[in-house]
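Take a look at the structure below.
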Amino acid sequence: MQCIVLFGIQGSGKGTQAKRLSEALGYSHINIGDLLRDHVARNTKLGHKVQDIISSGALVDDHVIFDLLESILHEHVDGIIFDGFPRTVAQADYLVHHFEVQEVLFLELSEEEAIKRISSRRVCPQCAANYNILTRKPRLEGVCDVCGTELEMRADDTPEAVHKRFEQFFEQTHQLIDYFEDLGMLYKVNASRSEQEIFADISKHLSNKGF
Ligand code: AMP
């Protein structure tokens, strides 16, 4: 199965770009965080297992992530945009052994800018649509454009959990820059620009690569 990977610090816009790319290429958008939150919302066994881990900002065990992926892969035939996977070297090894990795895009953003973006982010608890009260406002303040539900901050966007997620990013995920660079797969994208500029950059890069 062919795939494109997007990774970067929390708040770097992975989800937004992944969604646009999946629409442009006809690939399925897989966001592990959304899948896990869905299990929590549905009170499944997996949801119970990961609920506290997610709200603390820690990473879920690699093998739980691999099992989750295996359970949904048959639904995605054309290709996949991975958003927020891999986050550890073990996950990157899994990825390159199980998938045909076409591109790895690293969204580069400073910690300061990421904190700013996270604090203005809002999410729909019903349909998971994402908003930003500064740059991506809903039509009606505080209400989801898609389903009309009242928007919330994410449960793990508290200062403590954000701190923990940054720590995880620098301890576990940051080393994937070298990992994919050594494989000659990495394209770095300046993510401090607008959503449109970032998407234009990614699209140009992919079209140069024959997409
Ligand atoms: P996200 O929505 O991508 O920020 O993910 C929310 C939370 O889900 C993370 O803080 C982790 O607890 C968990 N999570 C998401 N993706 C992964 C992954 N690839 N590996 C381990 N845990 C993950």
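The table that follows gives values for the structure above.
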{"quantity": "Taking the chain and dividing mean pair separation by its residue count, relative contact order in percent (alpha carbons under 8 Å, at least six apart)", "calculated": "30"}
{"quantity": "Excluding exposed DSSP-loop trypsin sites (Lys or Arg not before Pro) (at most 14 other C-beta within 10 Å), longest clean stretch of the chain", "calculated": "43-138"}
{"quantity": "Length-normalised contact order for segment 23-66 - Cα pairs under 8 Å, 6+ apart - percent", "calculated": "23"}
{"quantity": "Those lysines that a straight Cα-Cα span of less than 22 Å connects to LYS164, excepting residues fewer than 8 apart in one chain", "calculated": "LYS14, LYS49, LYS116"}
{"quantity": "Segment 100-182: GluC sites (Glu not before Pro) in DSSP loop, at most 15 other beta carbons within 10 Å", "calculated": "GLU141"}
{"quantity": "Chain lengthening between ASP52 and ARG193 when straightened (0.36 nm per residue, less Cα-Cα)", "calculated": "47.4 nm"}
{"quantity": "Relative contact order [Cα under 8 Å, 6+ residues apart], segment 85-177, whole percent", "calculated": "31"}
{"quantity": "Farthest toward positive dipole pole in the chain [+1 Lys/Arg, -1 Asp/Glu at C-beta], among VAL143, VAL162, SER28", "calculated": "VAL143"}
{"quantity": "Whether the chain is rounded, prolate or oblate, judged on the alpha carbon gyration tensor where a/c under 1.5 counts as rounded", "calculated": "rounded"}
{"quantity": "Solvent-accessible area per residue for the chain (1.4 angstrom probe, square angstrom)", "calculated": "52"}
{"quantity": "In Hz, Karplus ³J(HN,Hα) per residue of segment 29-41 (6.51, -1.76, 1.60; θ = phi - 60°; x = Gly, Pro)", "calculated": "9, 10, 10, 4, x, 5, 4, 5, 4, 5, 5, 4, 4"}
{"quantity": "Net dipole in debye of the chain [+1 Lys, Arg Cβ; -1 Asp, Glu Cβ; about Cα centre; nearest 20]", "calculated": "660"}
{"quantity": "Distance between segment 18-78 and segment 133-187 - C-alpha centres, whole angstrom", "calculated": "14"}
{"quantity": "Under Karplus coefficients 6.51, -1.76 and 1.60, residue-wise ³J(HN,Hα) of segment 130-135 in Hz, glycine/proline x", "calculated": "9, 9, 9, 5, 9, 10"}
{"quantity": "For segment 1-58: rounded, prolate or oblate by the Cα gyration tensor [a/c cutoff 1.5]", "calculated": "prolate"}
{"quantity": "Using θ = phi - 60° and Karplus 6.51 cos²θ - 1.76 cosθ + 1.60, couplings along segment 199-210 (whole Hz; Gly, Pro as x)", "calculated": "5, 5, 4, 4, 4, 5, 4, 5, 6, 4, 8, x"}
{"quantity": "Shape call, segment 91-142: gyration tensor on alpha carbons, a/c limit 1.5", "calculated": "prolate"}
{"quantity": "5 angstrom amide H check on ARG122, placed H, neighbours 5+ away", "calculated": "TYR131, ASN132, ILE133"}
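The values are calculated or read from the model by the stated rules, or taken from the named source; none is laboratory data. It should be emphasised that the depicted structure is a prediction, and the values quoted were computed from it without experimental measurement. Every residue, glycine as well, gets a Cβ built from its backbone with ideal geometry; the counts of neighbours run over all protein chains shown. These accessible areas exclude ligands, DNA and RNA; they are computed on the full protein's heavy atoms, side chains included. Shrake-Rupley method; radii C 1.70, N 1.55, O 1.52, S 1.80 Å.
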